1. Could you name every one of the helices (runs of 4 or more DSSP H) located completely within the range 1-114 that has at least 3 residues being among the hydroxyl-bearing types (Ser, Thr, Tyr)?
2. Pick from the range 13-23 the residues that are crowded, with 20+ Cβ neighbours inside 10 Å and within 22 Å of residue 145 (Cβ to Cβ): which of them is nearest to the ligand (Cβ to nearest atom)?
3. Could you check how many residues of the range 115-134 are within 17 Å of the chain's Cα centre (by Cα), part of a loop (DSSP other than H, G, I, E, B) and either modelled with pLDDT under 95 or within 25 Å of residue 164 (Cβ to Cβ) (or both)?
4. Go through the residues of the range 32-44 one by one and say whether even a single one is of a type in the set (S, T, N, Q), more than 13 Å from the ligand (Cβ to nearest atom), surrounded by fewer than 17 Cβ atoms within 10 Å (Cβ to Cβ) and within 20 Å of residue 164 (Cα to Cα).
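The values are calculated or read from the model by the stated rules, or taken from the named source; none is laboratory data. Quick caveat: nothing in here was measured; it's all calculated off a predicted structure. Note: ideal-geometry Cβ built from the backbone for every residue, glycine included; neighbour counts use all protein chains shown.
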Amino acid sequence: MFNKKISIIVAMAQNGVIGDNNKLIWHIPDDLKRFKRITSYHTIVMGSKTYQSLPVKPLPNRRHIVITRDYSKAFDGCIMAHSIEEAIEKMDADNENFVIGGGEIYRQFLPFSNRIYLTRVLKDFEGDTFFPEIILSEWIKVEETKVSNDPKCNFSYVFETYKRKDL
Ligand SMILES: NC(=O)c1ccc[n+]([C@@H]2O[C@H](COP(=O)([O-])OP(=O)(O)OC[C@H]3O[C@@H](n4cnc5c(N)ncnc54)[C@H](OP(=O)(O)O)[C@@H]3O)[C@@H](O)[C@H]2O)c1
């Protein structure tokens, strides 16, 4: 069960906020492009609230696993899972699987994940959903690209990739 390649992909404000009222709170076109480039043609895994918040459902060219406790929920074009373990069993055995949110799902998958693709937004935001604490001593940073004062969103952010140390 734990031999799947599980990666988290997330955009997080300086104060840990990732969403508010079941919405994203920023629009960063280059982050959306990076998300599409990294996740396309792979399996993506998400909670039912994140699925419901997607602007396009399902996202093109990706195999979706949606996690819910409600056995009556079935979303077109999606594989449904009813626990973290069932989601892991249904993941791709050969390729990287991407956990795309939200807060509840990140918290439960972080211990099973071996990579984090983090967009660190260099600003505080108000919101109701947070990413769990990343214990930096458990991770090695393998990529860091800073974008300063992006005119498309008027703030700075850093693309960072972390690999779990015990890999
Ligand atoms: N910044 C980012 O990168 C990013 C990415 C994704 C999402 N977000 C934001 O995150 C927020 C949504 O996050 P959220 O924490 O509210 O919701 P979520 O994690 O997307 O989904 C929570 C739902 O997942 C299901 N679930 C959770 N744990 C489960 C388990 N162990 N077994 C079975 N089902 C389980 C339940 O669905 P049922 O209620 O159907 O049972 C639960 O209500 C939104 O604001 C969104 O915009 C941000």
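1. Filter on the range 1-114 gives 48-53.
2. Taking the candidates together, the pick is 18.
3. Count: 4.
4. no
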